[in-house]
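Here is the structure we will look at, set down as structure tokens.
None of the figures in this text is laboratory data; all of them are computed from the coordinates on show. These figures come from a predicted structure and were not determined experimentally. Don't worry about glycine lacking a Cβ; one is built from the backbone with ideal geometry, like all the others, and counts go over all protein chains shown.
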């Protein structure tokens, strides 16, 4: 690859899907739009892989947008954490879109497919932009780009419940984003800069001032709303349950993870470890919420009849694990949190894709209708079970790696109670996963399940690739936990 | 006393609007009223940013002879972006309300959820 092109990779990462989105409207023809959008997604994935390679080799990449120097112009900044997030967001985006055509045919009228592709690419743009930018206001803009497109994507859901779900998400998402905007404004007022690295340098001088504390409060609450941290998660279950299968798979795997990334960026890179955790005790605030979220949401998940809704509640619980890792504010804890971002993205993305296969053949994701489905759709349900094992955290799956780090982090801090609670919470996951596995494999088939056929290969293969990856990364951790460890260390050091 | 009340009146307006908008979003069940509340809430933040950019005694940031002090143009420019985002949010919200009305024949939140629970 030529040097000139390589230097432009950071901006291409965002510009490619951004420019491709309106092109989808021009192409319009269904047979052209889907392959085009899929190609674009794979191209962005390729860009992000190159970026990760560069970062791991040569360290932080800083890109000046439009040639304007950093504190004044907008800076794109790719460090190990950002590159890691870019890779899995773009990778899952590409894989989900490859899987999408059959499921879309079934759930969204063909006349709207080009709009779906436009929205999808915009959502990808926003999520990648959040991860790559080093400018605070830019974070807000990209946050809204991804959020607005995901409201519309969710509203494409076939059942009418999708509409109030999308509306509720819109209201809470906008409040969260506006809180973040207020926080950024207050910080700008105190420091006169919007560049993250620049602000990190200037903040210590004004950290005692009440304005900085208020900014911190607004940002924390705003981000917590966006990432659906218990008890601010109410928008999430309905939004995931009623969205089209493809949208559920993509958004469940990526959107909340990117919000967790924003939390990491703000609390560690901008405010700094010392201010957030030692002076203000953010860890003491986050830990109980994380643990409460894990237990309450897992318990609620056990009682759901709609399996997609069950997975959504399980997502709230999994966010709890990530936040728990962050709340330790140690290298091991952060590694656990960051690697769980990645592992859970694979697991939950794969599980929702399996549910998309079920939706295609069964036209329902109700647990009762899924009785005996293991006979009609063995490959789909086996994939589901594999993902379920990952959720529980069985050894040799990716979920185990995350929990291993988290428990280690808890033991390092001598909080035996947290370690025991973590183990107990896995039992709750075991209960809700087992309910589905038992119903699908050991119950008499329902009328619908008897008529169902195995899902088409075009959908099964991407599902298995993603869930197979959870086993791969459960055993071979160089590029998941290894990179996460590097990212955690970089985050703890703060911005250079 | 006068310093805090009158000297910072912009901020009082911001806080009043912010709380009012936020309260409307939380307390009203009518979806259109929620959207309006959301708009008031966002507008308060726009005012806040513009207030931040004002330098007392400063003029518009165009270099000209005889002027030494200029206001900071950056917050106004930022908020131009935020206003666009706000307009987009409102339009998405309103189009969702239209579709909710078509699907449920009502835009009252509790009636919508009651309908889904009844089935």
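Can you say what percent of the DSSP beta bridges in the protein assembly as shown, counting only those with both residues inside, are antiparallel? Round to 5.
On the way: 8 of 9 bridges.
Bridges in the protein assembly as shown that DSSP calls antiparallel: roughly 90 percent.
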Hull surface over four for the Cα convex hull of the protein assembly as shown, reported in nm², is 28.8
Give the angle, between 0 and 90 degrees and rounded to the nearest 10, that separates the Cα long axis of helix A:210-226 from the longest principal axis of the Cα atoms of chain A. 10
Roughly how tilted is helix A:483-493, in degrees to the nearest 10 and between 0 and 90, from the longest Cα axis of chain A? 30
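What is chain B by shape, rounded, prolate or oblate, if you read a ≥ b ≥ c off the alpha carbon gyration tensor as root eigenvalues and call it rounded for a/c under 1.5, prolate for a/b larger than b/c, and oblate otherwise?
Values: a/c = 6.34, a/b = 2.28, b/c = 2.78.
It is oblate, given that a/c is not under 1.5 and a/b is not larger than b/c.
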Just to confirm the number: angle between the C-alpha axis of helix A:398-412 and the first principal axis of chain A, 0 to 90 degrees, nearest 10? 40
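Any idea what the alpha-carbon Rg over 2.2 N^0.38 Å comes to for the stretch A:20-61?
Here the Cα radius of gyration is 1.60 times the empirical estimate.
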Value of [θ]222 nm, deg cm²/dmol, for chain A, DSSP H segments ≥ 4, -39500 (n - 2.57) each, nearest 500: -26000 deg cm²/dmol
Can you tell me which of A:441-451, A:348-358 comes out highest on packing, and rank the rest after it, using the mean Cβ neighbours within 10 Å? A:348-358, A:441-451
